[in-house]
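Notes to accompany the following structure.
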Amino acid sequence: MARSSSDSSDDERKTVRIGPAPPIPKKTYATKSSTMQKRKKQCCLLIRKKWFIAAISAFILLLILAIVLGVTLGGKNKSVVYSNPVNLTWWQNSTIYRCYVTSYVDSDGDGIGDFKGIQERLSYLKELGVDVLWLSPIQNTNTVSGTDVINAKQVKIEYGLQQDFRDLVAAAKEMGIRVIMDIILNHSGSAHQWFRQSQLSTNPYKDYYIWSKGKLGGLNDTKPLPPNNWISLYNGSAWQWSDSRQEYYLRQFWRNEPDLNYRNPQIIQEMKTAVNFWLELGVDGFYLRDVAFLYEDAQLTDESQLSSSQEYVFHSHNNTRDLTESYQAVNDIFFGAIQPRMNADRVLLMETNDRVMSDEKWFQTYNMMTTNALYKLNSTFDGLQLKAVVEHSLEAFNKTHVWPIWSLGDETKSRISSKFNQLAVGLQVTQIFLPGSSSIYYGEEILLTNNPSITYEQTVDSAAKEAGQSNYNKISRDPFRTPMKWNSSRNAGFTVATNPWLPVNNNDPTVDLLKSRTNSIWCTIKDMISLKKSSLALTNGTIEFPMVDVDIFSFTRVHATNNTGFLIVWNVGNQRKTLSFNDVQYISNDMTVIRKVKPEGSRP
Ligand SMILES: [Ca+2]
Ligand SMILES: [Ca+2]
């Protein structure tokens, strides 16, 4: 990263040099920057015609420039996000690393990632610039990669002992890294003692789940029909027959994940107890999974169908999703008994959706919302579409005063490198510079791709196994969860076991390789995180979109008071472009190129 003496921070030195200035005559910026011209020469020499930016053309598929610029804010109607400097809390000025524990580091050679393994790699996270470690579900489950909780107040035994978790949290804190965790609210596993007892109608567990006798008229009258037409997220009826109880139970997700009955006050109490358990172990916050699904219509009313199809997307879900009670339940669980502790320095986050963003009353509860709006873009998109998504998201966050976390990946989705190909790099860099906090799903920093070579025999995802040999690869989430690739040793340094729980993806580069290349995606992300930390303009500045068209996406982040900031330009098209920012009133010609990013730089 070539930085001039005045390129990145909002310190006094730079402010004096650029200063809040009167409008500066505008020119095509690249032609006026000796730094740029020098870099052009270097680029042409070093990487032939891969990319360069003079006058300004870019023969690239993707180009991001972060450029310091002098600005004047007069004469424009600003779209301001967090315009007034605020005292940022730890979770606002943060880079969040979403760690899928099972695949991160295996310390004891059983082929499964664990707490001690993560602890060994805390220095790696620190080096990358991570402030918050966000752990995938660590509550004890029946299946290693599932969310079928069998004890909400116990660590997953494959990950280690409770003390190992305490040690991890303590070691992370010592390094200035906070630890937050997923908490599973909507369901338990069918192997949970609660469910076993509930199936037998044993109190107090009899009404821990949502049971129904169903409707008369079943095939051969051997069993009734499901009570209504509700569909599971993974298709098929949301009702599962229990032979032992001779009733249906509701499962909005998988058959081994029965929905808990939140209309039973005992469930709220159980969750409060679980939350307290994890707070005692030292976690700094929770990501609340599947809040939208907590409550369903008490009368079990049919949902309207948008077509005759039995697929989930063709049902309305107004009786099974986003009920007001669901969000109220979160208030009941996390505030009240544990409010004093949550308020102090803890954070609650959940994934945003239109329902929750439409009602400000929920924001007494949630500090942060994750948004996967960028991920929802089509695998190819243009600058206008990208801007629309960013603006729509920021408007919602601005209205509700909730701090955004931009999230591109998690263990349920195709990896971004596989979905977006070369555009993935640009999305990663863009999200770092957007207002809010950015996140990294483990492996994104080395452009880990989906592992396409997992056989049916190697498949672990229980739903995929259930789908059978001919269909498993259509629904398996295993390809998005393969082991982290650390180095060139066997199984990429993830484990010394011969057979890791999922096979390592042989196609992808390793951490060690990319760290050794200064223009790699790993180094780029590290540098961009560092840049963001150094700048109030980037954490707390205004945002504008000075030039956006089909091929170009650009935005500025400008300090609210000293008029300095950054311009980020991304050529999302596949043609060389010549750009001039002459017509943008507030951009001066006094700019310095900080970093140029190209998609090819990350691959071996
Ligand atoms: Ca292990
Ligand atoms: Ca539910």
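Every read-out reported here was derived from the displayed coordinates using simple, explicitly stated rules and does not represent laboratory data. The structure displayed is predicted, hence computed values, not measured ones. Using ideal geometry, Cβ is built from the backbone for each residue, glycine included, and neighbour counts are taken over all protein chains shown.
Using a 7 Å offset from Cα along Cα-Cβ at residue 488, what residues in the stretch 101-135 end up with backbone N under 16 Å from the label point? The answer is none, because no backbone nitrogen lies closer than 16 Å to the label point. Per residue, the average separation of C-alpha pairs within less than 8 Å and at least 6 apart gives the stretch 85-162 a relative contact order of 30 percent. Each label point was placed 7 Å from the Cα along the Cα-to-Cβ direction; for residue 215 and residue 200 their separation is 3.4 nm.
Each label point was placed 7 Å from the Cα along the Cα-to-Cβ direction; for residue 110 and residue 550 their separation is 5.6 nm.
Projected onto its three principal axes, the C-alpha set of the stretch 459-604 covers 60, 33, 31 Å, listed from the longest axis down. The length gained on full extension between residue 376 and residue 355, counted as 0.36 nm times the residue separation minus their Cα-Cα distance, comes to 5.8 nm. P(r) tail, the stretch 473-525: Cα-Cα pairs separated by more than 15 Å, 52% of all pairs. Dipole magnitude for the stretch 466-521: computed about the Cα centre from +1 point charges on Lys and Arg Cβ and -1 point charges on Asp and Glu Cβ, it is near 140 debye.
Estimated from the Cβ-Cβ distance and a Förster radius of 30 angstrom, the FRET efficiency linking residue 388 and residue 506 is about 0.20. Taking a point 7 Å from the Cα of residue 311 along the Cα-to-Cβ direction, none of the residues of the stretch 238-258 has its backbone N closer than 12 Å to it. For residue 107, nonlocal amide neighbours, meaning residues 5 or more places apart or on other chains whose placed amide H falls under 5 Å from its own, are 114, 117. At an R0 of 51 angstrom, the distance between the Cβ atoms of residue 456 and residue 583 translates into a FRET efficiency of 0.30. Across the alpha-carbon atoms of the stretch 514-589, the computed radius of gyration and Dmax are 14.4, 41 angstrom.
Once both labels are positioned 7 Å from their Cα atoms along Cα-to-Cβ, the gap between residue 269 and residue 193 label points is 1.6 nm. Contact order, relative form, for the stretch 396-535: 23 percent (alpha carbon pairs under 8 Å, 6 or more residues apart, mean separation divided by residue count).
R0 = 51 Å: FRET efficiency of residue 301 with residue 518, Cβ-based, nearest 0.05?
Efficiency at R0 = 51 Å is approximately 0.25.
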